[in-house]
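*Asks:* Have a look at this one.
The values are calculated or read from the model by the stated rules, or taken from the named source; none is laboratory data. Only a predicted model underlies this, so the values are computations on that prediction, with no experimental measurement involved. Note: ideal-geometry Cβ built from the backbone for every residue, glycine included; neighbour counts use all protein chains shown.
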Amino acid sequence: MRKYDAGRWGKFGLFFVLLVVGLTGASPLQAQRSVWQRGATLEKLYAGAAGEGPAWHPKIGLVASHGSVYLMRDGEDPQIYKKDLGTNGLMWDVDGRLWCCQPSKNRVIRLEADATETVVTDKFEGAPYNQPNDITIDVAGRIYFSDPKYGPHEDLPQQDDKGRPVEGVYRVDLDGTVTRVITHEVDRPNGVLITRDQKYLYVAGNNNSVKGGERKLFRFEVMDCCGTVLLETKTLVYDWGSSRGPDGMAEDVKGNIYVAGGLNSDDVAVEDNSQKGGIYVFSPNGKLIDFIAVKVDEVTNCAFGGKDLKTLYITAGGTLFSMQTKNRGVITAGL
């Protein structure tokens, strides 16, 4: 960053720099690297149809989870795409199939092009899953999904070989083989994201129901040949401290990672609002470079879409928002 030159800029220039820092909460460097289109503001699109998800397909449109799976197209009211599925994370593949985490039935399913359901996996080593939460797909077609447990936490069905409860991350290969790729390395995995270059798996550790629980974003290296997660490469990207931790994620073509997280309310038993609710943006080397506030709790997920893939769709408190970005986003349906 260029050193401040008082002779060139004078008092007004210094005042402007300080004003930018004070209003945005970002450093001057972060302000210069903003990922949002100039003049863009957060836009509220729909209420009551977007608790989680979301996922965008260039031919079908945007879907989101809110009890049922809703389909949303510009200028139209939300329509039910699939009724009463009880899904969370959603992801389209290149064949127009919708992969769904279905915590209501402890499984991962796939909606075929004709909307019929296929059960992808409902057990690991003979035991049901906890609550499959979020999903990501690599270029080979392998899927990864997280399996936390929110709410009552006794007698989790997934356990390790010593009988300890497991909230893990799993990989499903093209032949249907399921492998647990993360066991205890992350306290309570929530959002997951395989990067476009297939080098990294981001995992959101989001143990928000326990005071002092983990609220951190981690990154692991992945072997693109086989999808093996290299656990020894675990890297901390960001710590939300005592606030609400990270949730769903998206990536743009520059490799920046957009993460839903934080909290606005000051009336929560085991969390605080020291990290405000919104979308946190991290550079490929893990630096926080931008933020947009979303003042509706809880901010759960985000995904790119729109004709030019420069619309970031955000789910928060059952409401769908959008924000325009400078860079195109990455979507699995367009790989």
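*Asks:* How about region 187-202: which of its residues are touching a residue at least 40 places away in the same chain (Cβ under 8 Å) and closer than 29 Å to residue 162 by Cβ?
*Replies:* Correct list: 188, 189, 190, 191, 192, 201, 202.
*Asks:* Would you point out which residue out of 289, 314 is among the aliphatic types (A, V, I, L, M), in contact with a helix residue (DSSP H, G or I) (Cβ under 7 Å, 6 or more places away or on another chain) and assigned by TED's automatic domain parsing to the domain that holds residue 199? It would help to see each step written out before you state the result.
*Replies:* On the way: 314 fails: in contact with a helix residue (DSSP H, G or I) (Cβ under 7 Å, 6 or more places away or on another chain).
That would be 289, the only listed residue that is among the aliphatic types (A, V, I, L, M), in contact with a helix residue (DSSP H, G or I) (Cβ under 7 Å, 6 or more places away or on another chain) and assigned by TED's automatic domain parsing to the domain that holds residue 199.
*Asks:* Another question, if that's okay. Before we move on, is residue 214 closer than 30 Å to residue 264 by Cβ, among the charged types (D, E, K, R) and surrounded by fewer than 22 Cβ atoms within 10 Å (Cβ to Cβ)?
*Replies:* For residue 214, the condition - closer than 30 Å to residue 264 by Cβ, among the charged types (D, E, K, R) and surrounded by fewer than 22 Cβ atoms within 10 Å (Cβ to Cβ) - is met.
Listed here are the residues, each with its yes/no results for (1) among the hydroxyl-bearing types (Ser, Thr, Tyr); (2) in contact with an Asp or Glu (Cβ under 7 Å, 6 or more places away or on another chain); (3) surrounded by fewer than 24 Cβ atoms within 10 Å (Cβ to Cβ).
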site: 177; (1), (2), (3): yes, no, yes
site: 180; (1), (2), (3): no, no, yes
site: 189; (1), (2), (3): no, yes, no
site: 203; (1), (2), (3): no, no, no
site: 210; (1), (2), (3): no, no, yes
site: 219; (1), (2), (3): no, no, yes
site: 225; (1), (2), (3): no, no, yes
site: 241; (1), (2), (3): no, no, yes
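*Asks:* Looking at region 81-189, what strands (runs of 3 or more DSSP E) fall wholly within it and have at least 2 residues that are in contact with a strand residue (DSSP E or B) (Cβ under 7 Å, 6 or more places away or on another chain), within 29 Å of residue 58 (Cα to Cα) and assigned by TED's automatic domain parsing to the domain that holds residue 245? Write out each step before concluding.
*Replies:* On the way: elements: 90-92, 98-102, 107-111, 117-121, 135-137, 143-147, 168-172, 178-182.
The qualifying strands (runs of 3 or more DSSP E) are 90-92, 98-102, 107-111, 117-121, 135-137, 143-147, 168-172.
*Asks:* Test residue 108 against the criterion of being at pLDDT 90 or above, over 15 Å from residue 305 (Cα atoms) and crowded, with 16+ Cβ neighbours inside 10 Å, and give yes or no.
*Replies:* Judged against the criteria, residue 108 is a match.
*Asks:* Quick one: in region 39-75, of everything that is among the small types (Gly, Ala, Ser) and not in a loop (DSSP other than H, G, I, E, B), which residue is surrounded by the fewest Cβ atoms within 10 Å (Cβ to Cβ)? Give the derivation first.
*Replies:* Taking region 39-75 first, the residues among the small types (Gly, Ala, Ser) are 39-40, 47-51, 53, 55, 61, 64-65, 67-68, 75.
Restricting the remaining residues to those that are not in a loop (DSSP other than H, G, I, E, B) gives 47, 53, 55, 61, 64-65, 68.
Working: 47: 12, 53: 32, 55: 27, 61: 16, 64: 29, 65: 28, 68: 18.
So, considering only residues that are among the small types (Gly, Ala, Ser) and not in a loop (DSSP other than H, G, I, E, B), the one surrounded by the fewest Cβ atoms within 10 Å (Cβ to Cβ) is 47.
*Asks:* Would you confirm whether or not region 245-263 contains a residue that is in a loop (DSSP other than H, G, I, E, B), over 24 Å from residue 56 (Cβ atoms), assigned by TED's automatic domain parsing to the domain that holds residue 174 and in contact (Cβ under 8 Å) with a residue 60 or more places away in the chain?
*Replies:* Checked against the condition, which is being in a loop (DSSP other than H, G, I, E, B), over 24 Å from residue 56 (Cβ atoms), assigned by TED's automatic domain parsing to the domain that holds residue 174 and in contact (Cβ under 8 Å) with a residue 60 or more places away in the chain, region 245-263 yields no hits at all.
*Asks:* Tell me, please, whether a residue that is within 15 Å of residue 282 (Cβ to Cβ) and out of contact with any helix residue (DSSP H, G or I) (no Cβ under 7 Å at 6 or more places or on another chain) can be found in region 179-191.
*Replies:* Yes; the residues of region 179-191 include at least one that is within 15 Å of residue 282 (Cβ to Cβ) and out of contact with any helix residue (DSSP H, G or I) (no Cβ under 7 Å at 6 or more places or on another chain).
*Asks:* Which of the residues spanning region 243-281 are closer than 17 Å to residue 194 by Cβ and surrounded by fewer than 18 Cβ atoms within 10 Å (Cβ to Cβ)?
*Replies:* 253, 254, 255
*Asks:* Of the numbered conditions (1) surrounded by fewer than 17 Cβ atoms within 10 Å (Cβ to Cβ); (2) in contact (Cβ under 8 Å) with a residue 40 or more places away in the chain, residue 232 fails exactly one; give the number of that condition.
*Replies:* (2)
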